[in-house]
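Accompanying notes for the structure given below.
Quick note: the coordinates plus some simple rules give every number you see, no bench work behind them. As the structure is a prediction and not an experimental result, all values here were calculated from the model. As a convention, Cβ positions derive from the backbone with ideal geometry for all residues, glycine included, and neighbour counts pool all protein chains shown.
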Amino acid sequence: MYKKLIITFEGIEGSGKSLHIKNVKNFLKKKNIPFIKLREPGGSKNSEKIRKLILSNRSTFNKKTDLLLYLAARCENIETIINKNYKKKIILLDRFVDSTLAYQHYGMNLDKKFIYQINKYLLKKIKINFTFLHVVNKKNLISRISKRKRINRYDRFAYKFYNKVQNGYMKIAKKNKRKYLIVDSNKKINENKTIILKKINKILGI
């Protein structure tokens, strides 16, 4: 029997996390293993509405408003989807609590304690079981973003910001190495796909 875990895929823009969560989704489908997949911001109906507000190039929210909007979107996902499926299905999350800490604290210098407290309040009993942290170098990040058909507000930061965020992610991962796998997204896609699926097999007990 496979384990019904919460698995998150984290990383900055252009790091390949969305591609690899899609590969895992397809892998689980072939195995006929029940799962749900959500993205942040977004996921539930109301969270997708908030996503449009956050990422719109017309939006001019200050960084505190951004933080509260991300947390509001997470609250909607937890209350309407995650709580109902927790420990009943595998839950794949394209970004979750680490993103808020990496972007809003390490990237934008907002209060870490406040972020921890609100996430604790929202998550309650929910625990993340494993995280794939995707990292990417400057050259590949810039190249991949430039090839996107649609550029949103969070694709427009200077590299210095993304570097701060990625370093923040690494600090988070180092505190609990057993529950993180660092994925070097500068390697070939198929090479990383093999590494990730091998780890998925192991942690789920398939």
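General remarks:
- Put the Cα centre of segment 140-191 next to the Cα centre of segment 1-49 and the gap is 17 Å.
- Electrostatic bookkeeping for Lys112 treats Lys and Arg as +1 and Asp and Glu as -1; over the other residues with beta carbon under 13 Å from its beta carbon, the sum is +2.
- Counting only Cβ charges, +1 for Lys and Arg and -1 for Asp and Glu, the dipole size of the chain around its Cα centre is about 540 debye.
- Normalised alpha carbon radius of gyration of segment 95-156 [divisor 2.2 N^0.38 Å]: 1.40
- For segment 6-204: Kirkwood Rh in Å [reciprocal of mean 1/r, alpha carbons]: 17.2
- GNM flexibility winner over the chain from Lys87, Lys124, Lys171 (Cα, springs under 10 Å): Lys124
- Straightening the chain between Asp184 and Ile33 buys 51.6 nm, computed as 0.36 nm per residue apart minus the Cα-Cα spacing.
- Options Asn32, Asn137, Leu123, ranked by Cα towards positive dipole end of segment 1-149, top entry (Cβ charges): Asn32
- Sparse-neighbourhood loop sites, trypsin sites (Lys or Arg not before Pro) in segment 125-170 - DSSP loop, at most 16 other Cβ within 10 angstrom: Lys125, Lys127, Lys147, Arg148, Lys149, Arg150, Arg156
- A Förster distance of 25 Å, applied to the separation of the beta-carbon atoms of Glu191 and Ile151, puts the FRET efficiency at 0.35.
- Loop-located chymotrypsin sites (Phe, Trp or Tyr not before Pro) in segment 6-74 whose Cβ has at most 16 other Cβ within 10 Å (DSSP): Phe61
- Alpha-carbon Rg/Rh ratio, for segment 107-206, with Rh computed the Kirkwood way: 1.00
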